[in-house]
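Chemist: Once you've had a glance at the structure underneath, I'll fire off some questions.
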Amino acid sequence: MNSSTMYVCICRGITAKQIKQEALNGCTSVRSLCKQLGVAQQCGKCATLAKEIIISTTNELNSTSTTQI
Ligand code: FES
């Protein structure tokens, strides 16, 4: 299974791909992800992984923009 299609939030049925897309659109916190997608609104067990995805996507963006300059 592709890791981007992996479910991060089982309660809401939200995949890593959806979270990554939100991060690419400028989402920088679990709180704003919660507002956009509903992540971590129920049991909250997905919050840590969601945060890791946001951080890694942001790091990818930063390293990409640095190499393009
Ligand atoms: S797994 Fe995301 S709120 Fe429960």
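Chemist: Which whole-number value in Å³ per residue fits the convex hull of the alpha carbons of the range 3-68?
Modeler: 70 Å³
Chemist: Let me ask you something else. Pulled fully out, how much extra length does the chain show between Gln42 and Ser56, if you take 0.36 nm times their separation in residues and subtract their Cα-Cα distance?
Modeler: On the way: separation 14, 0.36 × 14 = 5.04 nm, distance 2.38 nm.
Extra length from Gln42 to Ser56 when fully extended: 2.7 nm.
Laboratory data are not the source of any read-out in this text; all were calculated from the coordinates shown. In this text the structure is predicted, and so the values were computed from the model without any measurement.
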